Amino acid sequence: MSGASNETIDVVLHVWRQPPGGEGRMVTYTEEAKGISPDMSFLEMLDVVNERLIAKGEEPIAFEHDCREGICGSCGMMINGQPHGPQKGTATCQLHMREFRDGDEIYVEPWRARAFPVLRDLIVDRSAFDRIIEAGGYITAPTGSAPDANLIPVPKEAADAAMDAAACIACGACVAACPNNAAHLFTAAKLQHLNLLPQGQAERYQRTVAMVEAMEEYFGSCTMHGECQEACPKEISVDFIAYMNRDFVKAQLKNRKLAGQT
Amino acid sequence: MIGELNSKVPSGPIEDRWTNHKFDLRLVAPNNRRKFQVIIVGTGLAGASAAATLGEQGYNVKVFTYHDTPRRAHSIAAQGGINAAKNYKSDGDSVFRLFYDTIKGGDFRSRESNVYRLAEESVNIIDQAVAQGVPFAREYGGLLDNRSFGGAQVSRTFYARGQTGQQLLLGAYQQMMRQVRQGTVKLYTRTEMLDLVVKDGVACGIVVRDLVTGQVTSHSAHAVLLCTGGYGNVFYLSTNAKYSNATAIWRAHRRGALFANPCFTQIHPTCIPASDEFQSKLTLMSESLRNDGRIWVPVDPDDTRPPDQIPESERDYFLERKYPSFGNLVPRDVASRNAKAVVDQGRGVGPLKNGVYLDFSSAIERIGVEKIRERYGNLFDMYERITDENPYEVPMRIYPAVHYTMGGLWVDYNLMSNVPGLFVLGEANFSDHGANRLGASALMQGLADGYFIISYTLADYLAGLLGTDPVPTDDPVFADAERSVGDTVARLLSIKGTRSVDHFHRELGKIMWDHCGMARNKAGLEKALSEIPALREEFWKDVRVLGGAALNQSLEKATRVADFFELGELMVRDALHREESCGGHFREEHQTEDGEALRDDENFAYVAAWEWTGKGNEPVLHREPLKFEYVTPTQRSYK
Ligand SMILES: Cc1cc2nc3c(=O)[nH]c(=O)nc-3n(C[C@H](O)[C@H](O)[C@H](O)COP(=O)(O)OP(=O)(O)OC[C@H]3O[C@@H](n4cnc5c(N)ncnc54)[C@H](O)[C@@H]3O)c2cc1C
Ligand code: FES
């Protein structure tokens, strides 16, 4: 049983520091990253480093975080070249220092992608994701127009698969992991969440085309490396990309007047 | 001066009140709606649902959030579920029963009319969410699944795995983005509201700061809706997201909006205990765990054996012992207080003796490990990731933590504050949960407010403004407010003291937790009343905020913590004045013989609404009496 262990570790941090509007570079912190408890989360370790930097009169490392429970998708950084670090299926905020050893060197960088410009240190602008949703990532359901919720039964398998896709937290790890900076896993997850449900059928093909086109405006193309699935803190499957591609092809061929008769 | 508070609660039979009231409200014709500018601050469940609905109806909406995208709002973290009186399980649920449970659960400190309306609208929320594609859990036949939650004796909670808040928020966010696409909603991200602008007593706009550039600007509108969430982070350690704060509502309070029941705070019983002083926030373990987990501590405070070696006869299942009919499912305030009592007796477990066991071994024996994995798998994984302990084998350790604030800005039945034109929705208002909120009811309230209430009541207000333009942003009221925001920012940057913002926030949190937390008494509250202003003064002299105005997270924190100081003081005052115990407000001086909360309906059956009277002045208390016509106040009993 662990709980609170007394031993601490010393690590060496190399962190990307970039002032707003300026050039960035890696900076090494040795003294500041000593005496770290393995029970701390990675972000708590950064909190400690930041307190020490402030005490020395240096500006703290800027990084995004909010829920610290792996659900809001705010956090996200490259840790030793891996999005969200070494632990599979784990967002940065849920990563704990017990994954590291005394003396480890840890390299911390922002997501690197053309569509995600760095705003400061580890903070990037991910608003391109919102543009994809805006293009068609919804089911048109004006308030007040809904029929009784149990009117249309949804097969449990479909509901479960939709939920698997809907678990995406839009952190951007998939884009950061991809050699082409493609956003296919994000887009496919968002798309298939809706396309798999009976409620989502009416707009299925127009939604697919609109979201894929918006995606292509900002992000690279997919050459099936599969790095995205490996990096995803929610372990979303690349199978959804195959479904998206299938729907996209169908949408191109589809006689729209027959769309309701799939 | 503020006169008599008018709650605008309709009369007549309770089941007809909302319907009749809707009919009595004025409408805005579809072709006139685009003539109105509406500002919404916040894109959580309340804000996003309001923006989607008002945009769809044709109003011009501007929506603001300090997050990088609307979908990060704290609502995303809600795990357990959302209540609705659908009675799909035919287990005796009804609108009246949900109403009754909520009034009773709130310990008779909420308005009957509001709560009844909430219960009525609950059923529509589920329909709406399903139509949007929210993937709620389903049974094998394809119909919606329900579970019982947080002490309810019926199964009325709808859920999407352990991610109900996430899925409901995505539903609302997507509807809102549809309106962004259509041009009715304009979205401002990374933009923080730092002041409310009021002209001649009427809300007319807001002052915001662009968090990337640091630029301060104004926006004007016919009405302002604050949907900015709760203020649990005044305690520093809470289950709230780290950025959650009170600045929007506190600034509005300073501009004249009354703050109601600020001391009503919910302490959630099932959170992971703090592990060391670097702890940055506390993690909630969903309440649904109490359906299958049994809570206990060793009988002997000096028992250091591992839990599996403590025989049944030497365990104290204290909730089951004290409350045979509700057992581990007593409401949150009762469960939390009892956990505190056993820890205070020195019977806490874990290395810091700061928790109680939540044990699944009998459930695993009864229904098997697979069933348990299916129900709680992701929660168990999360627990293991944080504590490095496997809850399938070792009982979880839990302890109460600050979770939700029932208090908030005072609003009438129309969700309008006492400042005309200022509406408040979701956790930011005080409206529906009295002194204690039932599990799975916050999501319900946020969405009822945003989807089904505000469009009617806002229209009634706007109808009276047809033909008028919003106050232009070059009006001196805007310049004044901008200057005041700019001054605060400049001052914080110029102090150049020796202590970080977090240092002060932690210290404030400690005072609040020790004296205004789970149990309160006169001496402690008075102590807090002297300590908080002293610490605040030190903050304004010695805080160290390095850097400039552009993208500066220490500066963001500093503006928020500055407001927490003032709010914290008001909470303490409110707790001190309320000489009774009710719901989450437990005054040690007022308890029954067996340690239960002892209400004083004779003297305290009212909403305490506080008026800001300027820096350094004592706030003025206004009382809104509460009348109970349908549920007779009784001493709550869960025995
Ligand atoms: C861990 C956890 C689990 C929970 N689980 C449940 C549950 O299972 N069921 C349930 O019913 N309830 C649950 N709750 C409670 C519930 O999640 C919240 O009460 C509810 O989501 C609040 O929604 P909201 O829309 O009022 O505010 P929030 O979701 O907090 O949104 C606030 C919004 O306001 C914005 N904002 C705030 N201030 C400003 C400002 N000054 N300028 C610009 N923008 C601003 C933020 O950016 C954000 O968009 C849970 C709460 C927690 C902490
Ligand atoms: S901080 Fe929310 S996912 Fe990590």
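The values are calculated or read from the model by the stated rules, or taken from the named source; none is laboratory data. Every value quoted in this text rests on a predicted model; they were computed, and no experiment measured them. Using ideal geometry, Cβ is built from the backbone for each residue, glycine included, and neighbour counts are taken over all protein chains shown.
Identify, from the list B:Glu384, B:Glu365, B:Glu374, B:Glu393, the residue that is part of a helix (DSSP H, G or I) and within 11 Å of chain A (Cβ to nearest Cβ). Give the steps one after another, and end with the answer.
Working: B:Glu365 fails: within 11 Å of chain A (Cβ to nearest Cβ); B:Glu374 fails: within 11 Å of chain A (Cβ to nearest Cβ); B:Glu393 fails: part of a helix (DSSP H, G or I).
Step by step, each of B:Glu384, B:Glu365, B:Glu374, B:Glu393 is checked, and only B:Glu384 is part of a helix (DSSP H, G or I) and within 11 Å of chain A (Cβ to nearest Cβ).
Which of the following residues is over 19 Å from B:Leu211 (Cα atoms), surrounded by 24 or more Cβ atoms within 10 Å (Cβ to Cβ) and away from ligand 2 (no atom under 16 Å from the Cβ): A:Tyr107, A:Tyr138? If you could, list the steps in order and put the result at the bottom.
Numbers: A:Tyr107 fails: surrounded by 24 or more Cβ atoms within 10 Å (Cβ to Cβ).
After applying the criteria, what remains is A:Tyr138.
Could you please find all residues in the range B:462-503 being in a loop (DSSP other than H, G, I, E, B) and surrounded by 14 or more Cβ atoms within 10 Å (Cβ to Cβ)?
First, the residues of the range B:462-503 that are in a loop (DSSP other than H, G, I, E, B): B:464-475, B:496-498, B:500.
Selection gives B:Leu465, B:Pro470, B:Val471, B:Thr473, B:Asp475, B:Gly497, B:Ser500.
Given the residues A:Ala158, A:Ala146, A:Ala115, A:Ala91, which is the only one that is in the same structural domain as A:His193 (by TED's automatic domain parsing) and of a type outside the set (D, E, K, R)? Steps first, answer last, please.
Numbers: A:Ala146 fails: in the same structural domain as A:His193 (by TED's automatic domain parsing); A:Ala115 fails: in the same structural domain as A:His193 (by TED's automatic domain parsing); A:Ala91 fails: in the same structural domain as A:His193 (by TED's automatic domain parsing).
The unique qualifying residue is A:Ala158.
Check B:Ala160, B:Ala223 and return the single one that is buried (at least 24 other Cβ atoms within 10 Å of the Cβ), on the phi < 0 side of the Ramachandran plot and touching a Pro at 6+ places or on another chain (Cβ under 7 Å). Reasoning before the result, please.
Values: B:Ala223 fails: touching a Pro at 6+ places or on another chain (Cβ under 7 Å).
Every option except B:Ala160 fails the conditions.
Pull out all pairs, ordered by first then second residue, where Cβ-Cβ is under 9 Å, the residues are six or more apart or on different chains, the first lies in the range B:191-203 and is on the phi < 0 side of the Ramachandran plot and away from chain A (no Cβ under 14 Å), and the second is aromatic (Phe, Trp, Tyr) and within 16 Å of ligand 2 (Cβ to nearest atom).
B:Met193/B:Tyr66
Which of the following residues is within 16 Å of ligand 1 (Cβ to nearest atom) and surrounded by fewer than 24 Cβ atoms within 10 Å (Cβ to Cβ): B:Lys35, B:Lys86, B:Lys22, B:Lys104?
B:Lys86
Can you tell me which condition A:Thr28 does not meet? The list is (1) away from every other protein chain (no Cβ under 12 Å); (2) without any contact (Cβ under 8 Å) to a residue 60 or more places away in the chain; (3) outside any strand (DSSP E or B), and all the others hold.
A:Thr28 satisfies all of (1) away from every other protein chain (no Cβ under 12 Å); (2) without any contact (Cβ under 8 Å) to a residue 60 or more places away in the chain; (3) outside any strand (DSSP E or B) except (3).
Name, by its number, the condition in (1) of a type outside the set (Gly, Ala, Ser); (2) surrounded by fewer than 23 Cβ atoms within 10 Å (Cβ to Cβ); (3) within 24 Å of the chain's Cα centre (by Cα); (4) closer than 30 Å to B:Lys557 by Cα that does not hold for B:Val202.
(3)
Condition first: farther than 19 Å from A:Val175 by Cβ, within 16 Å of ligand 1 (Cβ to nearest atom) and touching a strand residue (DSSP E or B) at 6+ places or on another chain (Cβ under 9 Å). Now tell me which residues in the range A:54-110 satisfy that.
Passing the criteria: A:Arg68, A:Glu69, A:Gln94.
Identify, from the list A:Met97, A:Met77, the residue that is over 30 Å from B:Ser49 (Cα atoms) and buried (at least 24 other Cβ atoms within 10 Å of the Cβ). Don't jump to the end; show me each part of the working.
On the way: A:Met97 fails: buried (at least 24 other Cβ atoms within 10 Å of the Cβ).
Exactly one residue qualifies, and that residue is A:Met77.
Can you pull out every residue in the range A:196-250 that is more than 21 Å from the chain's Cα centre (by Cα) and aromatic (Phe, Trp, Tyr)?
A:Tyr205, A:Phe248
How many residues does the range A:58-104 hold that are facing chain B (nearest Cβ under 8 Å), more than 16 Å from ligand 2 (Cβ to nearest atom) and assigned to a loop (DSSP other than H, G, I, E, B)?
3
Report those helices (runs of 4 or more DSSP H) wholly inside the range B:1-112 carrying at least 2 residues which are within 14 Å of another protein chain (Cβ to nearest Cβ) and of a type in the set (A, V, I, L, M, F, W, C). Before the answer, list the steps.
Values: elements: B:14-24, B:30-33, B:45-57, B:95-105.
Helices (runs of 4 or more DSSP H) meeting the threshold: B:45-57.
Looking at (1) touching a Lys or Arg at 6+ places or on another chain (Cβ under 8 Å); (2) at pLDDT 95 or above, which is the only condition B:Gly133 fails?
(1)
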